[in-house]
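Structure, as structure tokens:
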Amino acid sequence: MLSYRHAFHAGNHADVLKHAIVTHLLDYLTRKDKAFWYIDTHAGAGLYALDEGYATKKSEFETGIGPLWRAWRASTGGRPMPPLLEEYLEQVQQLNPDGNLRHYPGSPWLAWQLLRDQDRLRLFELHSTEIQVLGNNFRGAGRRVMLYDGDGFGGIKAILPPPPRRALVLIDPSYEDKRDYQRTVQCVRDGLERFATGTYAVWYPQVQRRESAQLPAQLKALGAASWLHATLTVKHPVAGGLGLHGSGMFIVNPPYTLRPLLEAALPELVALLGQDDGARFSLEGEQQ
Ligand SMILES: C[S@@+](CC[C@H](N)C(=O)[O-])C[C@H]1O[C@@H](n2cnc3c(N)ncnc32)[C@H](O)[C@@H]1O
């Protein structure tokens, strides 16, 4: 029984890191005319309200997109942002053209905004309510978008390699089941076997759990020629062991453009979203 609903967390610091990177990965793919697929193994609801419902319960966006958005839009003309964040904020602005932050794009919606006629979206979602909301959000989208009501870890095997041989795969489980860590590693392994040149982006939480600490090393051990690993820690680990103190993104086969963009953006994210003196970032990678 799945209990996780992403709406509670929409726009938090982990979404900011993930979605800023996903925006650039998508933007990079659109620089060539050739079609690509965007595959989301864990799609969520697609689109979130920040001014009503679940997102207002703990208002996690107030320590995520909230401060970033306000700094960008400040009355003085806004804080100049590093290009990676600028690109992402422009996507968020498309949903909030009057400047009031009421709507937040999940990863499927970011992809939808950036997609061209020739590109395709393939979205997996296992939660029975979330898939319905996702379906409502994409009603009328046409045949460019296909939803799969089921398990994304195993499901992508049937659709790789994608016909255009260009794709971004986002693997973004909730990790409420600790077996998700191993399933994530297996999913990237399966993906690389079928489609070695794809870009795979894995999000993971920084929590006080052995599986979370070990995940990056396990992904590096898959032996991909190129990878990049970025983390954004916003505070010291929470006393008592529960809770998210940061998150990481591990990207297999990243474009060469991503690393310099992250070098400029991560210090800004620490400055704007850091909650105590434990706030920091890390960036490591191999490019061939
Ligand atoms: C972190 S949320 C996804 C957020 C989304 N990718 C975004 O960035 O906007 C994880 C989602 O995965 C769903 N989920 C959990 N296990 C799954 C599985 N095995 N296959 C597909 N979806 C799953 C959950 O219901 C939840 O909606």
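The values are calculated or read from the model by the stated rules, or taken from the named source; none is laboratory data. Please read all numbers here as calculations on a predicted model, not as lab measurements. So basically every Cβ, Gly included, is an ideal-geometry build from the backbone, and we count neighbours across all protein chains shown. Note: accessible area is taken over every heavy atom of the protein model, side chains too, but ligands, DNA and RNA are not part of it. Shrake-Rupley method; radii C 1.70, N 1.55, O 1.52, S 1.80 Å.
Looking at region 90-132, which of its residues are more than 19 Å from the chain's Cα centre (by Cα) and part of a helix (DSSP H, G or I)?
128, 129, 132
Report yes if residue 255 is in a loop (DSSP other than H, G, I, E, B) and under 24 Å from residue 161 (Cα atoms), otherwise no.
The answer is yes for residue 255.
Given the conditions (1) assigned to a helix (DSSP H, G or I); (2) closer than 22 Å to residue 258 by Cβ; (3) open to solvent by less than 70 Å² (accessible area, probe 1.4 Å); (4) not hydrophobic (A, V, I, L, M, F, W, C), report the number of the one that residue 38 does not fulfil.
Unmet for residue 38, out of (1) assigned to a helix (DSSP H, G or I); (2) closer than 22 Å to residue 258 by Cβ; (3) open to solvent by less than 70 Å² (accessible area, probe 1.4 Å); (4) not hydrophobic (A, V, I, L, M, F, W, C): (1).
Tell me the residue from 197, 257 that is at pLDDT 95 or above, β-branched (Val, Ile, Thr) and open to solvent by 50 Å² or more (accessible area, probe 1.4 Å), please.
Working: 257 fails: open to solvent by 50 Å² or more (accessible area, probe 1.4 Å).
The unique qualifying residue is 197.
Can you confirm whether residue 74 is modelled with pLDDT under 95 and either touching a strand residue (DSSP E or B) at 6+ places or on another chain (Cβ under 9 Å) or among the aromatic types (Phe, Trp, Tyr) (or both)?
Considered against the rule, which asks whether it is modelled with pLDDT under 95 and either touching a strand residue (DSSP E or B) at 6+ places or on another chain (Cβ under 9 Å) or among the aromatic types (Phe, Trp, Tyr) (or both), residue 74 comes out as no.
Residue-by-condition table, conditions (1) near the ligand (Cβ under 8 Å from one of its atoms); (2) closer than 23 Å to residue 141 by Cα; (3) over 11 Å from the mean Cα position of the chain (by Cα):
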{"residue": "6", "(1), (2), (3)": "yes, yes, yes"}
{"residue": "11", "(1), (2), (3)": "no, no, no"}
{"residue": "16", "(1), (2), (3)": "no, no, no"}
{"residue": "54", "(1), (2), (3)": "no, no, yes"}
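May I ask you to list pairs of residues, at least six apart or on different chains, whose Cβ atoms are under 6 Å apart, with the first in region 171-188 being at negative phi and the second being open to solvent by 10 Å² or more (accessible area, probe 1.4 Å) and within 8 Å of the ligand (Cβ to nearest atom)?
Final answer for the pair search is 172/42; 172/203; 173/42; 173/180; 174/4; 176/4; 183/153; 187/153.
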